[in-house]
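> Before I ask anything, here is the structure I am working with.
The values are calculated or read from the model by the stated rules, or taken from the named source; none is laboratory data. From a predicted model like this one, the values you see are computed outputs, not experimental measurements. Positions of Cβ are backbone-derived with ideal geometry, glycine not excepted, and every protein chain shown enters the neighbour counts.
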Amino acid sequence: MTAPYSNDVTTHQAAEDARNDQILIYIDGVLRPKSEAVVSVYDSGFLLGDGVWEGLRLYDGHWAFLDDHMDRLFEAAKAIDLDIGLDRAGVIAALRETQAANGMATDAHARLMVTRGVKVRPFQHPSLSQSGPTMVIIMEHSKPSIPRPITLATVPHLRGLPMTQDPKLNSHSKLNCILACIAAQKAGADEALMLDVHGFVNTTNACNFFIVRKGTVWTSTGDYCMNGITRQKVIDLCHANDIPVHQRNFSLVDTYGADEAFLTGTFGAQTPVGSIDGRQIGTGQLGPVTQRLRDLYKALIETRP
């Protein structure tokens, strides 16, 4: 029998909310109760991970950076030659319809997924998906509840080259990142720190990664990581507020000696990192630069129309 993981803190940990038992889930234009929300076992997303997705957060009645998310969704769909079946306005209308049906105003998270659809036979060739795409929107009441800084462990699983599977692509095929997460949890950490093909620090299995050294913010070049929307907002906020920031190659040695480290993502915004490979980072707690960026990001969210 496999032993349970020793740590159950994740970057997507949310407070329990009983309202999520009664949510309605959007499937191809129909809103269904959670207990009845199913897709075919022949769906290409289930069979092969053939699809793309976006995660979005609802703050005080508006979806944060909605245009950026729609840009990324349609760009990813084009990259894998997938016709979403709706235009941009249609996708946004489906998102808002799901929001209204669930009576959500704030602190909600949406997982918007589009697959190549149901196949006529359970094999790989895309021509076997003949019924059009499948679109699902799962929307939950979701307030981050991460009780302490995240711990990371470096793993052997790499963020790869674009000619294998481009790491910038927000696809359903996440097995490489899942295996990285499992390896980190087996090592007693919360999540995995992944290197790029050259051995430089890149990202975690679920979020983008930053360090702070002597008041300067560092993150990877972006060549091998997800093109994170929150990541870019943090970089932009640094530029706009005279916080030195570099997109550069850096090593684990640089990382272990950092004063602060944090993760970025749509769900958790900026999540502090307490230790990496058993080495405490700075004080092991939320640092002043991370706190300032949190405050700036919150203000950015609040001032958007």
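> Looking for whichever is more than 30 Å from Ala299 (Cβ to Cβ) and either in contact with a Gly (Cβ under 8 Å, 6 or more places away or on another chain) or surrounded by 16 or more Cβ atoms within 10 Å (Cβ to Cβ) (or both) here; the options are Gly45, Gly49, Gly29, Gly90. Which one fits?
Answer to the check: Gly45.
> Name every residue in the range 179-204 that is closer than 16 Å to Asn227 by Cβ and touching a helix residue (DSSP H, G or I) at 6+ places or on another chain (Cβ under 6 Å), in order of residue number.
Matches in the range 179-204: Met194 only.
> Continuing with this model, one more query. May I ask you to list the residues in the range 114-146 that are within 30 Å of Asn202 (Cβ to Cβ) and over 19 Å from the mean Cα position of the chain (by Cα)?
Hits for the range 114-146 are Arg116, Gln124, Pro126.
> Could you tell me which numbered condition Asp21 fails, if it satisfies all but one of (1) without any contact (Cβ under 8 Å) to a residue 40 or more places away in the chain; (2) surrounded by 16 or more Cβ atoms within 10 Å (Cβ to Cβ); (3) closer than 28 Å to Ile146 by Cβ?
(2)
> Could you please find all residues in the range 241-265 being aromatic (Phe, Trp, Tyr) and either surrounded by 21 or more Cβ atoms within 10 Å (Cβ to Cβ) or part of a helix (DSSP H, G or I) (or both)?
Once the filter is applied, which keeps residues that are aromatic (Phe, Trp, Tyr) and either surrounded by 21 or more Cβ atoms within 10 Å (Cβ to Cβ) or part of a helix (DSSP H, G or I) (or both), the range 241-265 yields Tyr256, Phe262.
> Which one of these does Gly274 not meet: (1) more than 21 Å from the chain's Cα centre (by Cα); (2) surrounded by fewer than 21 Cβ atoms within 10 Å (Cβ to Cβ); (3) not acidic (Asp, Glu)?
Only one criterion is unmet by Gly274, namely (1).
> How about the range 178-240: which strands (runs of 3 or more DSSP E) wholly inside it have at least 3 residues that are more than 17 Å from the chain's Cα centre (by Cα)?
208-213, 216-219
> Go through Gln124, Gln130 for me and flag whichever is over 30 Å from Gly199 (Cα atoms), assigned by TED's automatic domain parsing to the domain that holds His69 and in contact (Cβ under 8 Å) with a residue 40 or more places away in the chain. Talk me through it step by step, then tell me what you get.
On the way: Gln130 fails: in contact (Cβ under 8 Å) with a residue 40 or more places away in the chain.
From the options Gln124, Gln130, the qualifying one is Gln124.
> Quick one: Leu179 ticks every box in (1) at pLDDT below 95; (2) surrounded by fewer than 17 Cβ atoms within 10 Å (Cβ to Cβ) bar one, so which box is it?
(1)
> While we're on this one: Of the residues Ile150, Ile178, only one is touching a residue at least 12 places away in the same chain (Cβ under 8 Å), on the phi < 0 side of the Ramachandran plot and touching an Asp or Glu at 6+ places or on another chain (Cβ under 6 Å); which?
Ile150
> Right, Asp223: crowded, with 16+ Cβ neighbours inside 10 Å, without any contact (Cβ under 8 Å) to a residue 60 or more places away in the chain, farther than 22 Å from Thr10 by Cα and not basic (Lys, Arg) or not?
Details: crowded, with 16+ Cβ neighbours inside 10 Å: yes; without any contact (Cβ under 8 Å) to a residue 60 or more places away in the chain: yes; farther than 22 Å from Thr10 by Cα: yes; not basic (Lys, Arg): yes.
When the stated conditions are applied, Asp223 passes them.
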